[in-house]
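The values are calculated or read from the model by the stated rules, or taken from the named source; none is laboratory data. Just so it is clear, the model here is predicted, and its values are computed rather than measured. Positions of Cβ are backbone-derived with ideal geometry, glycine not excepted, and every protein chain shown enters the neighbour counts. Heads up: the accessible areas ignore ligands, DNA and RNA and are worked out on the full protein's heavy atoms, side chains in. Shrake-Rupley method; radii C 1.70, N 1.55, O 1.52, S 1.80 Å.
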Amino acid sequence: MSDPLSVEALGALETALGALLPAPAPAPLTRRMRVVPTEVRSIGLGAYVGQHLAPDAPLHGRRVAARLELSIEGGPDAVALAYAAALSRQLLTSSRSEFAQQGIQRLRSVSGAVPRSLSFEVDFEFVKLPEAGEGLIERIALDEFNNVTPYKTRTRAQFGADALATEALPLAAFAAVDDADLDAGSPAGAWLLAPAAGPTPAAIVQTALTRGGPLALETAGVVDARKAGAMLLMRPGGAALSLSRLVLRIDISSTSPDGVGVVFRRRAADDHWFFLASQRHGYHLFGRRTPAGWAAVAASAEGLAPGVPHRLLVGAYDDQLFAELDGRRTLTATTDLAALPGEVGLLTHGNNAARFIAGRVMALL
């Protein structure tokens, strides 16, 4: 009979390795991942590793040794081999904190006998946490997130479009909401799950030009923060998230150059924070929507190259906000505006070709 904790540890390992990988391979390449466990053993004293405080319950864990195998398919050999080399460098140069957040204790490259393939030995530690009133706590963080906040992280929600594509109701754990301040005649948001097609990965897509406010950052030389759009709120298990300190990591791509981003701390139809990136008008923007109106918190001269995959990271804690694109910090802000907890989701503004490939929401505790 299978040990449930070991089975859960193996599933968590696959999720952790998937989170470490960059956005899907650029067309015409495709990337396939295979995880082969070689050993699973208890950690601590008889698998007991400590006591959780709230709720009060014992913690148990497993240590997993495994082999990560990556294969690159499609495209010319030269392009595939160059991508494989870059992928190997990115994995092996991940920071200690990135590994620790996923429970990865060690990752070592081993020579692969097959061209277009990579192989790594992985040492992974999994700690099973107890049920809490607001849902299952999936993993405990072993280090601070990227060493930029005074908090630990805990995964609260995540999605992968590849997995959602196999479900009968792929968007059951989401709620589509349009901002009430849309322009007259703006279409409603149209969210759907697009399955993988050749080298194009599965993704949650928004296909309407839903919009309120200008696409440009400024109107008559003044920043115009009115960026009303289509939102897809993440509601794992049908329950709304309520987070004030958080980090969102989203793998995205868009063939449209217009606004794509995230909404967070959403408390009501006219009360939320947002981050938006526009390639057409060259900006990254943190904004605040309140019953009194729209306010810009911070902006920078950045973009989001269309037609290629990106990894977007948005964080908010206390009076701090930050955004990163493909591992590069693009925008930071310090604000004295109230930071009350609220919902989290995906956002588009005048963009009918945004693709959200995978995502994770982490609470900062």
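Name the single residue, out of those in the range 207-221 being modelled with pLDDT under 95 and within 17 Å of Arg280 (Cβ to Cβ), that is surrounded by the fewest Cβ atoms within 10 Å (Cβ to Cβ).
Within the range 207-221, the match that is surrounded by the fewest Cβ atoms within 10 Å (Cβ to Cβ) is Thr219.
Among the numbered conditions (1) part of a loop (DSSP other than H, G, I, E, B); (2) open to solvent by 30 Å² or more (accessible area, probe 1.4 Å); (3) under 14 Å from Ala363 (Cα atoms), tell me where Leu241 comes up short.
(2)
Which of the residues that make up the range 306-326 are in a strand (DSSP E or B) and under 13 Å from the mean Cα position of the chain (by Cα)?
Passing the criteria: His310, Arg311, Leu312, Leu313, Val314, Gly315, Ala323, Glu324, Leu325.
If only one of Thr15, Thr38, Thr30 is at pLDDT 75 or above and open to solvent by 60 Å² or more (accessible area, probe 1.4 Å), which one is it?
Unique residue meeting the criteria: Thr38.
Scan the range 298-308 residue by residue and report those that are open to solvent by 40 Å² or more (accessible area, probe 1.4 Å) and either farther than 28 Å from Thr255 by Cβ or out of contact with any Phe, Trp or Tyr (no Cβ under 8 Å at 6 or more places or on another chain) (or both).
Ala305, Pro306, Gly307, Val308
Have a look at Asp318, Asp271, Asp224, Asp258 and point out the one that is at pLDDT below 95 and of a type in the set (D, E, K, R).
Asp318
For the subset of the range 105-120 comprising residues that are in a strand (DSSP E or B) and touching a Ser or Thr at 6+ places or on another chain (Cβ under 8 Å), which member is surrounded by the most Cβ atoms within 10 Å (Cβ to Cβ)?
Within the range 105-120, the match that is surrounded by the most Cβ atoms within 10 Å (Cβ to Cβ) is Leu118.
Quick one: which residue in Trp294, Trp273 is open to solvent by 50 Å² or more (accessible area, probe 1.4 Å) and among the aromatic types (Phe, Trp, Tyr)?
Residue meeting the stated conditions: Trp294.
Keeping to the range 176-192, report how many residues are hydrophobic (A, V, I, L, M, F, W, C), touching a strand residue (DSSP E or B) at 6+ places or on another chain (Cβ under 6 Å) and open to solvent by less than 70 Å² (accessible area, probe 1.4 Å).
Count: 4.
Please work out which one of (1) among the basic types (Lys, Arg); (2) touching a Lys or Arg at 6+ places or on another chain (Cβ under 7 Å); (3) modelled with pLDDT of 95 or more is the condition Arg289 fails and give its number.
(2)
Name the one entry in Asp318, Asp258 that is under 23 Å from Val205 (Cα atoms), touching a residue at least 40 places away in the same chain (Cβ under 8 Å) and among the charged types (D, E, K, R).
Going through Asp318, Asp258 in turn, the sole match is Asp258.
Could you tell me which of the residues Leu340, Leu321, Leu365 is open to solvent by less than 20 Å² (accessible area, probe 1.4 Å) and of a type outside the set (Lys, Arg)?
Every option except Leu321 fails the conditions.
Pick out the one residue from Arg329, Arg265, Arg288 that is open to solvent by 20 Å² or more (accessible area, probe 1.4 Å), closer than 28 Å to Ala240 by Cβ, of a type outside the set (A, V, I, L, M) and in a strand (DSSP E or B).
When all the criteria are applied, what remains is Arg288.
List pairs: first in the range 58-71 and of a type in the set (A, V, I, L, M), second open to solvent by 30 Å² or more (accessible area, probe 1.4 Å) and not in a strand (DSSP E or B), Cβ under 7 Å, 6+ apart or cross-chain?
Within 7 Å, the pairs are Val64/Leu10.
With Glu98, Glu167, Glu125 as the choices, which residue is farther than 30 Å from Pro291 by Cβ, modelled with pLDDT of 85 or more, of a type in the set (D, E, K, R) and outside any loop (DSSP other than H, G, I, E, B)?
Glu125
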